[in-house]
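The values are calculated or read from the model by the stated rules, or taken from the named source; none is laboratory data. Note that the coordinates shown come from a computational prediction; the quantities given were computed from them, not determined experimentally. Please note: Cβ atoms are built from the backbone with ideal geometry, for glycine as well, and neighbour counts cover all protein chains shown.
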Amino acid sequence: MAEPVLEVHDLRVTFDTEGGLVPAVDGIDFSVAAGQTLAIVGESGSGKSVSSAAVMGILPSNAEVKGEVLLDGRELVGLPSDELRKIRGNDIALVFQDALSALNPYYTVGWQVAEAYRLHHDVSKKAAFQRAIELLDKVGIPDAARRAKSYPHEFSGGMRQRVVIAMALVNDPRVLIADEPTTALDVTVQAQIMQLLADVQEEFGTALVLISHDLGVVAEVADDVLVMYAGRAAERGTVRDLFHRAAHPYSLGLLGAMPRIDVPPRPRLTTIPGSPPSPGSIKTGCPFQPRCAYTERVGERCITERPELTPRPGEGDHEAACHLGRRPEAVV
Amino acid sequence: MPDILWFIIRRLLATVLVMLALSLAVYLIFYAIPADPAHLACGKPCTPDRLEQARHFMQLDQSTIQQYLNFLKGIFAGRTFGEGAAAVHCNAPCFGYSFPLARPVTTLILDRLPVTASIAVGAAVLWLIIGVSLGVVAALNRGRPLDRLAVGVALIGVSTPSFLLGLLAILVFGFWLNMVPVNGYVPFSESPVDWAWHLVTPWLVLAVLQAASYIRLTRAQMLEELNLDHITTARAKGAGEARVVVTHGLRGALVPIVTLFGLDLGGLLGGAILTEKVFSMQGLGELLISAVGQLDVAVVVGVTLFSAFLIIVANLVVDIVHGALDPRVSHG
Amino acid sequence: MSSAELLRLDGVRKYFGLRGAPWRTGQTVKAVDGVSFVVRKGETVGLVGESGSGKSTLARVATRLLDPTSGRVEIGGKDVTRFRGRRLRPVRRTVQMVFQDPQASLNPRQSVGTILSTPFRAQGTRPTRAQLIELLHKVGLSEEHLERYPHEFSGGQRQRIGIARALAVSPDLLICDEPVSALDVSVQAQVLNLLADLRDELGLSYVVVAHDLAVVRQVASRVAVMYLGTIVEEGPSDQVYAAPAHPYTKALLSAVPVPEPGVTRDRIVLTGDVPTPISPPSGCPFRTRCYKAEDVCATTRPVLEPVNGQTEHRAACYFPEPPPS
């Protein structure tokens, strides 16, 4: 395994709100190597987007971040804001879900890409704009020199997402964090964007952290997967571990709940009862326990004792946070 | 580009129609007043004969509609009251003739305009600077003492009558501290220093009062703007806080601020009645108030229409500037 | 066997005028441009398409929430194209709509009880409490929810309330516009199962409008694929998904990622964007992005024709895909 570019250890994020302290991320670990893709999977409130924002250091001021975030071995948590600013958008860049709101409506796309370059390079505005055109061209925007002078609202959704990707790539980042980069897009456009990200990764050896709820996309592009639930890691392993040997009842539930296009429809989808909990609402035991079908078999432990990630015997780095020792059967 | 030209032409045509309708309405309202301007002109004792003469001279013996048509005609062709040696000429564009002041309304307005404009423009620049900067500071310190202070100042400003603050300012700075002149106006062409010296107190008084609504507006807009996704993008790019706040945040908040500013300035140029009265400055507001006292209907109509015209023009300018500031607005 | 037709659309067009300056020739958005479409009792028809395909507009015309620009809308065998106001009441008893975003389609100031009684009142009746409770039970909620307000529910529960509201007048056909796209995966499955259960219990029929092809695959027995305001292919789901005949359907299906690591799909990556519905291409609307387009495609618009002799499966293409060998 190659040396990881980005390593996160025991990341914790707590929000200080009017309703008290809310733990949004409660101790997660992950790492990603150059050219590799790590997918972080989860539903709303799982803490997946908060984790990425914490790595970028762009959380609002009422958030407290603890743990380690190592970029090429250099600790980012607690770095003075000036130092951190030099890393943001330069070594680690972010691609947002909704490109329309992620772009500033008042400036041309060329200006915005050029700004990202100028913030980290001492060049003239003209040279930066030239670089912006180069990148817009690279991400497949036709007639880039002319389109660079257009405003975000003058682009289609897919083209806007390309602009956002160009903006993220303009400084040749080591790590790209893509937060639901295709959720707002149509499926044919999604295919174009995923292809573009794959091409970029191949050309520059960028490490990609893909945050997604779409298991189809994950299966297609990820090398490793981290499944998050209620701010904690439920399961971690290679993409094959998750899709062929899912060890956590939640992961299994997600796979069963997903309608698929490649197999004949089942009479009923497997469901997970209830809804994802709001962050911090489950204080003791396993956060998934109230929705879990296996609690009865395990007993009290699920309610009293919080399961930690434990390696699955004989399955390499595959880990799951579940008291049920053996693999849950697919049918509940 | 032709879009914007068409837009302006269309709006100007609309402006003419609005002004016509407005002038008719104003005319009908003021001529419906039971008091008779001819009475005042005729003096005391006033014989029925002399009253009839005065009526005829002032063309008040004609029907209201005919008077209105005369008024319209005067705008383009000028008017003449009376005949022979006693005749009074009012050259085009004639917006009526003030018999008590024995001068055409147009001349009166043009004489007074520099005074009002000096007050209005100077105060406007001040309140824009004060209001926007305090608003930004308040938004950045939301919920903290600095924010509460700014909001408190705004509340006081909004609820204080201008004459009260004006009189207090005169009392404190004029009489007690003897720092500034307490009244009067010196034309800029005579002595720029004296001009400014006489104006500084009214400027400050108006600015403090008006700034209040700008503090509130800027604060609200900035809070909204700073919550938008593209602000997070700017941070993720590695932009420093100053750049995030000004280049990305304030830029978006600018549109409503400019809109309010344009309308406020347009309104104020039509006469700052109370301020002019308090500081004994012979501006448009003062002209209007004394005309009302003397039943000088021609002046009342003229100044009212002029103020209305300024507001309509301000609206048009605001709309054009709005289009220039927000690329998403089309003047189709 | 031809069971009763619940909904029939004949050559339906819906154009929206763009607000423009009077000296400009009025531009129109051709959101739906000639769609014919039948839903029979007991069927679940999936209407799939990407953004701008006109599927949501079509759904609103079909429920008579929008007036068609031209064409005919028949509901329950009756021509209701020109019905308005009061005359639409019986139509509402036959066809109801479930909206995408339950957050936006439920009045936050009304309790669930009030929300559920609205459709009764629109029909001029007053529901009993027992009726309201029964509605809640149908969608898997309970009596205690009656006095609560929308914000006290999760997204999935809100969508259940939206469905209960649609069921209030015992309709025969539910038109669901993206019923699960705002929900988490685990909750999506619950709602899809609920729709299936209601179909079995109440004999409901559905039109499910969705951009997610897997969702439509799961629920629909028949599927219609829309592109730029027209239906380019329709047929039984099994056939359309297994052997798409229209190049667009084929590309669309190939673009859907499959949750099976290591499986590489023969992906047809379409270039460019969907053209604007203000000035759609001449002839076949898909020709500008099609990998099979030839001169004939630019001249006349192809009509839906049976694929390989199967009358149920039709595609509008001059060069349909051959059947799989």
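Counted as qualifying within segment B:28-105 are the helices (runs of 4 or more DSSP H) with 1 or more residues that are surrounded by fewer than 12 Cβ atoms within 10 Å (Cβ to Cβ), namely B:48-57, B:64-77. Restricting the first member to segment B:13-35 and to residues that are farther than 14 Å from B:Phe309 by Cβ, and the second to residues that are not in a helix (DSSP H, G or I), the beta-carbon pairs closer than 6 Å and six or more apart or on different chains are B:Ala35/B:Leu295. Within segment B:85-116, track down each residue that is of a type in the set (S, T, N, Q) and either closer than 27 Å to B:Ser191 by Cα or under 21 Å from the mean Cα position of the chain (by Cα) (or both). Matches in segment B:85-116: B:Thr106, B:Thr107, B:Thr116. Screening the candidates B:Ala207, B:Ala234 for the property of being of a type outside the set (S, T, N, Q), in contact (Cβ under 8 Å) with a residue 12 or more places away in the chain and more than 30 Å from A:Ser101 (Cα to Cα) yields one hit, B:Ala207.
When the helices (runs of 4 or more DSSP H) confined to segment B:258-332 are screened for residues that are without any contact (Cβ under 8 Å) to a residue 40 or more places away in the chain and surrounded by fewer than 16 Cβ atoms within 10 Å (Cβ to Cβ), those reaching at least 2 such residues are found at B:284-293.
Taken over segment C:276-325, residues that are in a loop (DSSP other than H, G, I, E, B) and among the charged types (D, E, K, R) amount to 4. Just checking, does segment A:14-36 include any residue being over 23 Å from A:Glu180 (Cβ atoms), in contact with a Pro (Cβ under 7 Å, 6 or more places away or on another chain) and touching a residue at least 24 places away in the same chain (Cβ under 8 Å)? The answer is yes, given that some residue of segment A:14-36 is over 23 Å from A:Glu180 (Cβ atoms), in contact with a Pro (Cβ under 7 Å, 6 or more places away or on another chain) and touching a residue at least 24 places away in the same chain (Cβ under 8 Å).
If you go through segment A:135-146, how many residues are out of contact with any Phe, Trp or Tyr (no Cβ under 9 Å at 6 or more places or on another chain), surrounded by 18 or more Cβ atoms within 10 Å (Cβ to Cβ) and in a helix (DSSP H, G or I)?
Within segment A:135-146, the subset out of contact with any Phe, Trp or Tyr (no Cβ under 9 Å at 6 or more places or on another chain) is A:136-140, A:142-146.
After this cut, where a residue has to be surrounded by 18 or more Cβ atoms within 10 Å (Cβ to Cβ) as well, the list is A:136, A:138-140, A:144.
So of that shortlist, the ones also in a helix (DSSP H, G or I) come out as A:136, A:138, A:144.
The number of residues fulfilling the criteria is 3.
Between a first residue in segment A:72-90 that is more than 8 Å from every other protein chain (Cβ to nearest Cβ) and at positive phi and a second residue that is among the hydroxyl-bearing types (Ser, Thr, Tyr) and buried (at least 16 other Cβ atoms within 10 Å of the Cβ), which pairs have beta carbons less than 9 Å apart while being 6 or more apart in sequence or on different chains? Taking only residues 6 or more apart or on different chains, not a single pair turns up. Checked against the criterion of being more than 21 Å from the chain's Cα centre (by Cα), in a helix (DSSP H, G or I) and crowded, with 17+ Cβ neighbours inside 10 Å, the candidates C:Pro127, C:Pro119 yield just one match: C:Pro119. When A:Ser49 is tested against (1) surrounded by fewer than 18 Cβ atoms within 10 Å (Cβ to Cβ); (2) within 14 Å of another protein chain (Cβ to nearest Cβ), just one condition goes unmet, and that condition is (1). Restricting to segment A:98-134, give me the number of residues that are surrounded by fewer than 24 Cβ atoms within 10 Å (Cβ to Cβ), more than 12 Å from chain B (Cβ to nearest Cβ) and either outside any helix (DSSP H, G or I) or of a type outside the set (A, V, I, L, M) (or both). Qualifying residue count for the region: 9.
Condition check: charged (D, E, K, R) and surrounded by 21 or more Cβ atoms within 10 Å (Cβ to Cβ). Does C:Glu260 satisfy that? No; evaluated as a whole, the condition is false for this residue.
Checking each residue in segment A:173-192 for being in contact with a strand residue (DSSP E or B) (Cβ under 9 Å, 6 or more places away or on another chain) and either of a type outside the set (D, E, K, R) or away from every other protein chain (no Cβ under 12 Å) (or both) picks out A:Pro173, A:Arg174, A:Val175, A:Leu176, A:Ile177, A:Ala178, A:Glu180, A:Pro181, A:Thr182, A:Thr183.
For segment C:257-275, the tally of residues that are within 28 Å of the chain's Cα centre (by Cα) and either polar (S, T, N, Q) or not in a loop (DSSP other than H, G, I, E, B) (or both) stands at 1. For C:Gly272, the conditions (1) out of contact with any Asp or Glu (no Cβ under 7 Å at 6 or more places or on another chain); (2) closer than 30 Å to A:Ala219 by Cα; (3) touching a residue at least 24 places away in the same chain (Cβ under 8 Å) all hold with the exception of (3).
Scanning segment C:150-196 for residues that are more than 19 Å from the chain's Cα centre (by Cα) and in a helix (DSSP H, G or I) yields C:Pro150, C:His151, C:Glu152, C:Gly155, C:Gly156, C:Gln157, C:Arg158, C:Ile161, C:Val185, C:Ser186, C:Val187, C:Gln190.
Take A:Ile165 and tell me if it is surrounded by 20 or more Cβ atoms within 10 Å (Cβ to Cβ), away from chain B (no Cβ under 13 Å), assigned to a helix (DSSP H, G or I) and of a type outside the set (Gly, Ala, Ser).
On the way: surrounded by 20 or more Cβ atoms within 10 Å (Cβ to Cβ): yes; away from chain B (no Cβ under 13 Å): no; assigned to a helix (DSSP H, G or I): yes; of a type outside the set (Gly, Ala, Ser): yes.
No, not satisfied.
Inspect all residues belonging to segment B:317-326 and state whether any of them is away from chain A (no Cβ under 14 Å) and either touching an Asp or Glu at 6+ places or on another chain (Cβ under 9 Å) or among the charged types (D, E, K, R) (or both). Checked against the condition, which is being away from chain A (no Cβ under 14 Å) and either touching an Asp or Glu at 6+ places or on another chain (Cβ under 9 Å) or among the charged types (D, E, K, R) (or both), segment B:317-326 yields at least one hit.
Any chance segment A:9-20 includes a residue that's over 18 Å from the mean Cα position of the chain (by Cα) and surrounded by 14 or more Cβ atoms within 10 Å (Cβ to Cβ)? Yes - at least one qualifying residue is present in segment A:9-20. Looking only at segment C:38-65, which residues are part of a strand (DSSP E or B) and surrounded by fewer than 20 Cβ atoms within 10 Å (Cβ to Cβ)? C:Val38, C:Arg40 - these are the residues of segment C:38-65 that are part of a strand (DSSP E or B) and surrounded by fewer than 20 Cβ atoms within 10 Å (Cβ to Cβ). Is it the case that B:Val255 is under 20 Å from the mean Cα position of the chain (by Cα) and assigned to a helix (DSSP H, G or I)? Considered against the rule, which asks whether it is under 20 Å from the mean Cα position of the chain (by Cα) and assigned to a helix (DSSP H, G or I), B:Val255 comes out as no.
Report, by residue number, each residue of segment A:271-306 that is in contact with a Leu (Cβ under 8 Å, 6 or more places away or on another chain), more than 7 Å from chain C (Cβ to nearest Cβ) and assigned to a loop (DSSP other than H, G, I, E, B). Can you show your working first?
Going through segment A:271-306, the residues in contact with a Leu (Cβ under 8 Å, 6 or more places away or on another chain) turn out to be A:272, A:280, A:294, A:297-298.
Adding the requirement that they be more than 7 Å from chain C (Cβ to nearest Cβ) leaves A:280, A:294, A:297-298.
Within segment A:271-306, A:Gly280, A:Tyr294 meet the criteria.
Of all residue pairs spaced 6 or more apart or on separate chains, those with beta-carbon atoms under 7 Å, a first member in segment C:191-203 that is at the interface with another protein chain (Cβ under 9 Å from one of its Cβ atoms) and a second member that is in a helix (DSSP H, G or I) and modelled with pLDDT of 90 or more are C:Leu192/C:Val215; C:Leu192/C:Gln218; C:Leu192/C:Val219; C:Ala196/C:Val219. With respect to (1) facing chain C (nearest Cβ under 9 Å); (2) touching a Pro at 6+ places or on another chain (Cβ under 9 Å); (3) basic (Lys, Arg), the lone exception for A:Arg268 is condition (2). More than 18 Å from A:Gly216 (Cβ to Cβ), at pLDDT below 90 and surrounded by 18 or more Cβ atoms within 10 Å (Cβ to Cβ): does that describe A:Thr295? Judged against the criteria, A:Thr295 is a match. Quick check on segment B:228-249: of everything there that is of a type in the set (Gly, Ala, Ser), assigned to a helix (DSSP H, G or I) and surrounded by 22 or more Cβ atoms within 10 Å (Cβ to Cβ), which residue is nearest to the other protein chains (Cβ to nearest Cβ)? Among those that are of a type in the set (Gly, Ala, Ser), assigned to a helix (DSSP H, G or I) and surrounded by 22 or more Cβ atoms within 10 Å (Cβ to Cβ), it is B:Ala236. A count restricted to segment C:284-305 and to residues that are crowded, with 17+ Cβ neighbours inside 10 Å and touching a Phe, Trp or Tyr at 6+ places or on another chain (Cβ under 9 Å) stands at 8.
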